[in-house]
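Each remark here refers to the structure printed beneath this line.
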Amino acid sequence: MLVLNNTNAQSVTFFLTGIPGLRSGQVWISIPFCLLYIIALSGNSMILLVVLREHSLHEPMYYFLAMLSTTDLSLSLCTLSTTLGVLWFEAREINLNACIAQMFFLHGFTFMESGVLLAMAFDRFVAICDPLRYTTILTNARIALIGMIVLIKNVAVMVPVALFVKKLSFCKSLVLSHSYCYHVDVIQLSCTDNRINNILGLFTIFFTAGFDCCFILLSYILIIRSVLSIASSEERQKAFNTCISHISAVAIFYIPLISLSLVRRYGHSAPAFVHTIMANVFLLIPPVLNPIIYSVKTKQIRKAIMKVLIQRKCQI
């Protein structure tokens, strides 16, 4: 079997995969995918716009929401070109450098979303457990610092992952399982020992999403304990209502992630197109649903969006 040395990265070409077994219907299948991308891009752009424009939303909770929307927007853009390129134009080729770059940003923004959800859990913890010091604890400077820490942490863990992929040598058969470059998918095509890459990938997942998930759970244990100590049932309900949007965002991020992992591990009997569709939908669920959830559940966001839409209509 021919081995391709990765020192000349431009000569290593991977082939992306659309929907296995449904190649003739890919153009039709692309329509719902295209609609999901439009909803994700327009919804998150609208959230960013209203948070930036409305001074009433210049508060810690909405700054973190803007971070979440920025992450979701970036995550959608990471896969848009290759996914729609494969489904519409059969543009399947991607060289190693472009593949590593896409993998870096794809996983980086996924882990960044996990970090932002943790920051939002901390925001809810302070708002409910220590409301009198809320504005003094979550100052603009500290919010910016939290954002920088989330960014730097994810860049720091993803750089070694990308560099170790760059060191691998690949075989002649370079067909990927998805319409984008996924770390596990790429390293499985290596002809050299990839144990370090596997260990590094697992470490990255546990250090980012695993770490964040544990602290999100801890935050909500403390929140629940604090809320249950409130005497008034009306006040307890009001406190819980402020967390519903964030709990929903956490659920739509972690449940598909866990489900996809279980299907990959135990769903070998499932058709190949099921794995592919799930992998693509998993990346689109949070960017599509987060703006909808926060628009429906958060009155201030809903009012700000209506205000922007009415202003634009009057200008037209």
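Throughout, read-outs are computed from the coordinates displayed, never taken from laboratory work. From a predicted model like this one, the values you see are computed outputs, not experimental measurements. Neighbour counts are summed over all protein chains in view; Cβ atoms, including those assigned to glycine, are modelled from backbone coordinates with ideal geometry.
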Revision key, fill the gap. Out of Leu217, Ile187, Ser232 - ranked by how far each Cα lies towards the positive end of the dipole of region 152-238, with unit charges on the beta-carbon of charged residues - the top one is Ile187
Point to revise | Using θ = phi - 60° and Karplus 6.51 cos²θ - 1.76 cosθ + 1.60, couplings along region 169-178 (whole Hz; Gly, Pro as x) | key: 10, 10, 7, 5, 7, 10, 8, 7, 8, 10
**Study point:** Computed FRET value (nearest 0.05) for Leu77 with Ser233, which takes r as the C-beta separation and R₀ as 35 Å
**Key:** 0.20
Check your understanding: If you take the charge dipole of the chain about its Cα centre, with +1 on Lys and Arg Cβ and -1 on Asp and Glu Cβ, which of Tyr254, Leu57, Gly201 is farthest toward its positive end?
Key -> Leu57
Revision key, fill the gap. Across region 157-316, qualifying lysine pairs (alpha carbons under 25 Å, at least 8 places apart or different chains) come out at 8
Check your understanding: Pick from Thr13, Thr135, Thr70: which is most flexible by mean-square fluctuation in a GNM of the chain where alpha carbon atoms under 10 Å apart are linked?
Key -> Thr135
Check your understanding: Span-like helices, the chain: DSSP H, alpha-carbon axial extent 30 Å or more, mean Kyte-Doolittle -1.0 or greater, which ones?
Key -> 26-53, 60-89, 96-129, 140-166, 244-266, 272-297
Check your understanding: In debye to the nearest 20, how big a dipole does the chain give about its Cα centre with +1 on each Lys and Arg Cβ and -1 on each Asp and Glu Cβ?
Key -> 360 debye
Review point. In 5 Å bins starting at 0, how do the alpha-carbon pair distances of region 31-150 split up by percent?
Key: 2, 10, 16, 18, 17, 13, 9, 7, 4, 2, 1, 0
Exercise for review: Go ahead and run the numbers for FRET between Met148 and Arg23, Cβ-Cβ distance against an R0 of 35 Å, rounding to 0.05.
Suggested key: 0.20
Exercise for review: State to the nearest 20 debye the size of the charge dipole of region 125-260 about its Cα centre, where the only charges are +1 on K and R beta carbons and -1 on D and E beta carbons.
Suggested key: 280 debye
Practice item. For region 170-234, state which trypsin sites (Lys or Arg not before Pro) are in a DSSP loop and have at most 13 other beta carbons lying within 10 Å of their beta carbon. Key: Lys172
Check your understanding: Given the options Asn280, Asn241, Asn197, which has the most mean-square fluctuation in a GNM of the chain, springs set between C-alpha atoms less than 10 angstrom apart?
Key -> Asn241
Check your understanding: How much length, in nm to one decimal, is gained on full extension between Val296 and Ala91, taken as 0.36 nm per residue of separation minus their Cα-Cα distance?
Key -> 70.0 nm
Review point. What FRET efficiency do you get for Ala162 and Phe211 if R0 is 25 Å and r is their Cβ-Cβ distance, rounded to the nearest 0.05?
Key: 0.80
Review point. Once the dipole of region 1-104 is set up with Lys and Arg at +1 and Asp and Glu at -1 on Cβ about the Cα centre, which of Met67, Leu77, Gly18 lies farthest towards its positive end?
Key: Gly18
